[in-house]
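Since the structure comes first, as structure tokens, the remarks are kept for the end.
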Amino acid sequence: MSDTGQGALPIAVRNVTKTYGDVFALNDVSLDVKSGEFLTLLGPSGSGKTTLLMVLAGFTRPDSGSLKFGEDEMIRTAPHLRDVGMVFQNYALFPHMSVAANVGYPLKLRKTPKDEMDRRVEAALETVQLGGYGERGITQLSGGQKQRVALARSIVFAPRILLMDEPLSALDKKLRDRMQIELRHLHEKLGMTTVYVTHDQREALTMSDRIAVVNHGRIMQLATPQELYEQPANRFVADFIGDSTFLDVTRSGSALGAAGTNLKTTRHVPDGEGLSLMMRPERLHLITGKPAKDENVFEARVTELVYQGESYLLYAHLKDGTEVAVRGAMRAGTFDALPKQGDTVQLGLGVDDTVLLAGEEA
Amino acid sequence: MNWFSRPASETQVTHGQRLWLYIFAGVTMTLLVVPTLIVIPMSFSDSQYLEFPPEEWSLRWYHNYFGSPEWMGATATSFKAAILTTIVATPIGVLAAYGLHASKIPFIRATFVLLITPMMVPVVLIAIGAFYAYVKLQILYTMTGLVLAHSLLAIPLVVIVIGSALKSYDMNQENAARSLGAPRWKAFMTITLPQIRFAVVTSALLAFLTSFDEVIVAMFISGGENSTLTRNMFNALRDQIDPTIAAISTIMVLVTTGLMIVAQVFGTDKSQK
């Protein structure tokens, strides 16, 4: 598509607030999306992520705040004048039109000449690997194909911003995994500024340049996937991304302790009271033999062992009664050699993986 | 294996076990239809009076009907009123149903109830109310008054038919159209309306029939040269019982069933199959 990708626009959201009665759907949100960036709004349902997307699309008018696409203020601009491509959750294809008519709809509205329209529709369909599907009816398509048509329709008029509202949620897992990679490639190819909404953390981690974790109408953290996973800003983010267990940390002077173990860490130690230690199942490991120097060791008693094919999941109670999970890769014979229920084990957590978080659960 | 012992559906219930159900359904349908159909033979009678079954056959009552300027005038009035009612009630009802469906404001449910009250109030009350209002407004016995009153009766039907069609319609489609560059009215015209067109046709026909068949309101507020066919029929039944009524009834049955067939043909969405 020769005519896309040029002039992707940055998005600047400033102090946007939207209330429904007493509830803040968006609470003084500010956010910058860089030109050509793939940014994901990630959060649980009711967090405000969809409201924010609807503000960008123009379907929700916030109570206050500003929204700029490039240099232009957009907050009062009607949706049809925003020149934004949008993919909806259930595709929102027009069932009374053929695939080509669906994809050609935005071009027709822009009074594109017939030959150019046909050419661009076919090009857009080829981009989503549906070349030659133009004459089909919408009802004849599979879920994945509908998804692709919706995508083709939203990019065919070369919008400079693309919005996607949980576009893959209706697909089965295998197709979803494949579409994630495809969408990522498509984004690299077209270079539109993309804002993607999902509640699926893995999807967010797979696709995004940056992720904004949203909860209670606020952005809890805005960071690259790696930063988000390795150094969550607070308990909410740590809890939402990955399966974490948290231990209360005691502090006396500079000495830190949790569940009867003195903690060593190479990571940042936040100030203040109420620290907690984040433990992720795949970062914990079973110690066989002597513990290494650069790890924290916890005593625990195995409560359950689960076989999951590619990995095992071992649940154990620490000395303070907290249940933690340990995930490990498996090869033939690994499972039989694992400790059994009731066994006492030592769990290791590398000092680089010893992440301390301040504050209560947000 | 004969028909009686064959299974009637996916379950193992046989046609034999279902026989009572078939008979019941058949009797019910007959009872529904026969009173309507009985006028048809009566209309071809040669007798001065309504009688069944007729002893002699003739077309004289049809001649009488088509030859009478009074009956023809009333027929024209009825058609005119019905067509105008369709034109007034259908767009208003469609827009009202759309507004009710799309709106997020509180008390929208109450608005819906308000809109369909004409269906719940006894028609005679509406007729009396309309009569006194029209006297004040000086539109008694006018076509305007008749069309307004009939529209009042037809709008609730349109709202209900369109409202239920919109229930299965995904409003996100309209949002999609808007994000793709269509102003809201254009999104409605190109995306929503074509998908509810069958319901629109059905509701338009219902609006037409509401006016065409209506007698109570017409008794009160139509008259003179704006007397409807139904009103004149009612008066004729009271004053002189003559089989012209049966001839007119037959024609009305034809018109009504004709429209219903049209609704069936156009009202079935073939693309959904």
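The values are calculated or read from the model by the stated rules, or taken from the named source; none is laboratory data. Computed from a predicted structure; not experimentally measured. For neighbour counting, all protein chains shown are included, and Cβ atoms are generated from backbone atoms with ideal geometry for every residue, glycine included.
Within the stretch B:6-22, at least one residue is at negative phi, loosely packed, with under 11 Cβ neighbours inside 10 Å and either modelled with pLDDT of 85 or more or among the small types (G, A, S) (or both). The set of residues in the stretch A:14-59 that are surrounded by 17 or more Cβ atoms within 10 Å (Cβ to Cβ), assigned to a loop (DSSP other than H, G, I, E, B) and of a type in the set (S, T, Y) contains only A:S47. Quick check: is even one residue across the stretch B:181-191 of a type in the set (V, I, T) and more than 14 Å from chain A (Cβ to nearest Cβ)? No, the stretch B:181-191 has no match at all. Scoring A:N90 on the criteria (1) within 21 Å of B:K104 (Cα to Cα); (2) in contact with a strand residue (DSSP E or B) (Cβ under 9 Å, 6 or more places away or on another chain); (3) in contact (Cβ under 8 Å) with a residue 12 or more places away in the chain; (4) not small (G, A, S) leaves a single failure, condition (2). Is it fair to say A:G348 is out of contact with any Ser or Thr (no Cβ under 7 Å at 6 or more places or on another chain) and surrounded by fewer than 18 Cβ atoms within 10 Å (Cβ to Cβ)? Answer is no for this residue.
Scan the stretch A:266-308 for residues that are at negative phi and more than 28 Å from the chain's Cα centre (by Cα) and the total you get is 21.
Here the strands (runs of 3 or more DSSP E) wholly within the stretch A:171-239 that include at least 1 residues being within 28 Å of A:G144 (Cα to Cα) are A:193-198, A:210-215. Being surrounded by 19 or more Cβ atoms within 10 Å (Cβ to Cβ), over 22 Å from B:D213 (Cβ atoms) and assigned by TED's automatic domain parsing to the domain that holds B:T85 is the requirement here; does B:A149 meet it? The answer is no for B:A149. When residues in the stretch A:69-87 are screened for being small (G, A, S), over 17 Å from A:F157 (Cβ atoms) and free of Cβ contacts under 8 Å to residues at least 60 places away in the same chain, 0 of them pass. Within the stretch A:60-82, the residues that satisfy the criterion of being hydrophobic (A, V, I, L, M, F, W, C) and part of a strand (DSSP E or B) are A:L67, A:F69. Hey, does the stretch B:143-158 have a residue that's away from chain A (no Cβ under 14 Å) and either in contact with a strand residue (DSSP E or B) (Cβ under 8 Å, 6 or more places away or on another chain) or charged (D, E, K, R) (or both)? Within the stretch B:143-158, none of the residues are away from chain A (no Cβ under 14 Å) and either in contact with a strand residue (DSSP E or B) (Cβ under 8 Å, 6 or more places away or on another chain) or charged (D, E, K, R) (or both). Taken over the stretch B:25-59, residues that are free of Cβ contacts under 8 Å to residues at least 40 places away in the same chain, out of contact with any Ser or Thr (no Cβ under 9 Å at 6 or more places or on another chain) and polar (S, T, N, Q) amount to 2. Pairing each residue of the stretch B:130-153 that is more than 22 Å from B:L206 (Cβ to Cβ) with any residue that is surrounded by fewer than 17 Cβ atoms within 10 Å (Cβ to Cβ) and acidic (D, E), provided the two are 6+ apart or on different chains, yields C-beta distances under 9 Å for B:Y141/B:E225. Do we have any residue at all in the stretch A:158-172 that's within 25 Å of the chain's Cα centre (by Cα), more than 10 Å from chain B (Cβ to nearest Cβ) and more than 23 Å from A:A57 (Cβ to Cβ)? Yes - at least one qualifying residue is present in the stretch A:158-172. Looking across A:L107, A:L81, A:L125, one residue alone is out of contact with any Ser or Thr (no Cβ under 8 Å at 6 or more places or on another chain), crowded, with 16+ Cβ neighbours inside 10 Å and within 14 Å of chain B (Cβ to nearest Cβ). It is A:L107.
Conditions (1) in contact with a helix residue (DSSP H, G or I) (Cβ under 7 Å, 6 or more places away or on another chain); (2) without any contact (Cβ under 8 Å) to a residue 12 or more places away in the chain, marked per residue:
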| site | (1), (2) |
| --- | --- |
| A:S142 | no, yes |
| A:Q147 | yes, no |
| A:S154 | no, no |
| A:R176 | no, no |
| A:L205 | yes, no |
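Exactly one residue among A:A100, A:A150, A:A158 is over 27 Å from A:R202 (Cα atoms) and part of a helix (DSSP H, G or I), and that residue is A:A100.
Scanning the stretch A:290-317 for residues that are more than 18 Å from A:D353 (Cα to Cα) and in contact with a Gly (Cβ under 9 Å, 6 or more places away or on another chain) yields A:R301, A:V302, A:T303, A:S311, A:Y312, A:L313, A:L314.
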